[in-house]
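The values are calculated or read from the model by the stated rules, or taken from the named source; none is laboratory data. None of these values were measured; they are calculated from a predicted model. Neighbour counts are summed over all protein chains in view; Cβ atoms, including those assigned to glycine, are modelled from backbone coordinates with ideal geometry. Side chains included, ligands, DNA and RNA excluded: accessible areas come from the protein's heavy atoms. Shrake-Rupley method; radii C 1.70, N 1.55, O 1.52, S 1.80 Å.
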Amino acid sequence: MDALGGLLDGVRARGAFVLRLSLDPPWSMRIQDDAPLTLIAMTQGSAVIVTDSGRSWDLVAGDVALARGVEHYAFADRALTEPQVVVHPGNRCTTLRGEDLRFEMSVGVRTWGNATSGADRAVVCAYEGRSEVSSRVLHALPTVLVLRGDEWQSPLVSLLADEAGRDGPGQAAYLDRLLDLVLMDVLRTWFDRDEQAPTWWHAAHDPVVGPALRLMYENPEHPWTVANLAGAVGCSRALFARRFVEQVGEPPIAFLTGWRLALAADLLRASGATIASVAHQVGYGTPFALSSAFKRAYGVSPNAHRAAASPGWRGPRRHRPPTPPRW
């Protein structure tokens, strides 16, 4: 699993919210669902995204936007249109007064709006999952990313829009997989052409650093050192260490430590594995070694991190949220 694969492992669509919008102007909805990642694909007409900080992005048919969930925003036909709908956590839609609109504005299978054949149409998909591995990619994205229709060539959005309006056995799982493919395609296109893409993205294409990154991604449990990583990619220790810092921005073992701890954080929350088992899977010789490194990076013990993900856990008021390591 590499970093981009880790994104989908963390936020992968599993019964994801997928909805077609069909709207005649004027229309506006306030999005405050706090989903970590929302994909909006315009299929007809136009729209605008306006964040609470005042930034705006115009969208036309063919454009795809990713909203990272760090700001609430309005999605509307025009920036000045007052919101008529609020989207809450759990994708619950209400009027401004709180009246439920889930069924009142249904105009077909997974289709919602104020007109059956609206002038403005889009597919909106919200990912709900969170993970430390996926946060590495999410933190590299702007608040809102817009990929214009003429900047990429992909049949996936049209297929997703068509399939969202169908129903039948296995359809939800089929939509999940389609959504993951669209997201992967958007992100690869964005990072490949963006000069501000994270260093580790470009480093993955380097003939020396790229293979070393793949070794660390796929074998975190191995007792890696700078020397054996250099040997595995066929260059001297000094050359490898210097080139890795130049390409990635930090030394190889510092990067590896961050990767291991992020994997450990996700394993602790997603499974009933013991701390000893998790330590073994991510390359720490003892539970104590993992616990010490984890607390230095995240500010909490592995047990406290796991408890924070348990249903109904509230935690002490003084408990501060984990601070992810620099990696």
Report summary line: Of those in the stretch 235-267 that are within 22 Å of the chain's Cα centre (by Cα) and without any contact (Cβ under 8 Å) to a residue 40 or more places away in the chain, the residue surrounded by the most Cβ atoms within 10 Å (Cβ to Cβ) is Ala264
**Report entry** Segments classed as helices (runs of 4 or more DSSP H), wholly inside the stretch 195-295, with at least 2 members that are touching a Gly at 6+ places or on another chain (Cβ under 9 Å) and under 24 Å from His305 (Cα atoms)
**Finding:** 252-270
Requested in this report: Determine the pairs where a residue that is in a loop (DSSP other than H, G, I, E, B), located within the stretch 144-165, has a partner that is open to solvent by 30 Å² or more (accessible area, probe 1.4 Å) and among the aliphatic types (A, V, I, L, M) with Cβ atoms under 8 Å apart, the partner being 6 or more residues away or on another chain.
Outcome: Gly165/Val109
Report summary line: Within the stretch 270-289, the residues that are touching a helix residue (DSSP H, G or I) at 6+ places or on another chain (Cβ under 6 Å) and in contact (Cβ under 8 Å) with a residue 12 or more places away in the chain are Ile275, Val278, Ala279, Val282, Gly283, Tyr284, Pro287
Query raised in the report: Quick check: anything in the stretch 41-57 among the β-branched types (Val, Ile, Thr) and within 22 Å of Ala172 (Cα to Cα)?
Result: yes
Query raised in the report: Of the residues in the stretch 220-234, how many are surrounded by 12 or more Cβ atoms within 10 Å (Cβ to Cβ) and within 31 Å of the chain's Cα centre (by Cα)?
Result: 8
Report task. Could you check how many residues of the stretch 120-143 are in contact with a strand residue (DSSP E or B) (Cβ under 9 Å, 6 or more places away or on another chain) and open to solvent by 50 Å² or more (accessible area, probe 1.4 Å)? Result -> 2
Query raised in the report: Which pairs have Cβ atoms under 7 Å, sit 6 or more apart or on different chains, and link a residue in the stretch 62-74 that is in contact (Cβ under 8 Å) with a residue 40 or more places away in the chain and on the phi < 0 side of the Ramachandran plot to one that is of a type in the set (Asp, Glu) and surrounded by fewer than 22 Cβ atoms within 10 Å (Cβ to Cβ)?
Result: Glu71/Asp52; His72/Asp52; Tyr73/Asp52
Query raised in the report: Within the stretch 228-265, which residues are more than 11 Å from Val209 (Cα to Cα) and charged (D, E, K, R)?
Result: Arg237, Glu250, Arg260
Report task. Return a yes/no flag: does the stretch 166-181 have any residue that is charged (D, E, K, R), touching a helix residue (DSSP H, G or I) at 6+ places or on another chain (Cβ under 6 Å) and open to solvent by less than 40 Å² (accessible area, probe 1.4 Å). Result -> yes
Query raised in the report: Do any residues in the stretch 19-43 that are within 19 Å of Val182 (Cβ to Cβ) have Cβ atoms under 6 Å from those of residues that are open to solvent by less than 10 Å² (accessible area, probe 1.4 Å) and part of a loop (DSSP other than H, G, I, E, B), where the two are at least six apart or on different chains, and which pairs are they?
Result: Met42/Asp63
Query - Residue within the stretch 274-287 that is touching a His at 6+ places or on another chain (Cβ under 7 Å), among the small types (Gly, Ala, Ser) and open to solvent by 20 Å² or more (accessible area, probe 1.4 Å) present - result: yes
Query - Scope the stretch 93-130; condition in contact (Cβ under 8 Å) with a residue 24 or more places away in the chain, in a strand (DSSP E or B) and either over 23 Å from the mean Cα position of the chain (by Cα) or over 16 Å from Leu23 (Cα atoms) (or both); matching residues - result: Val107, Gly108, Thr111, Trp112, Gly113, Asp120, Arg121, Cys125, Ala126, Tyr127
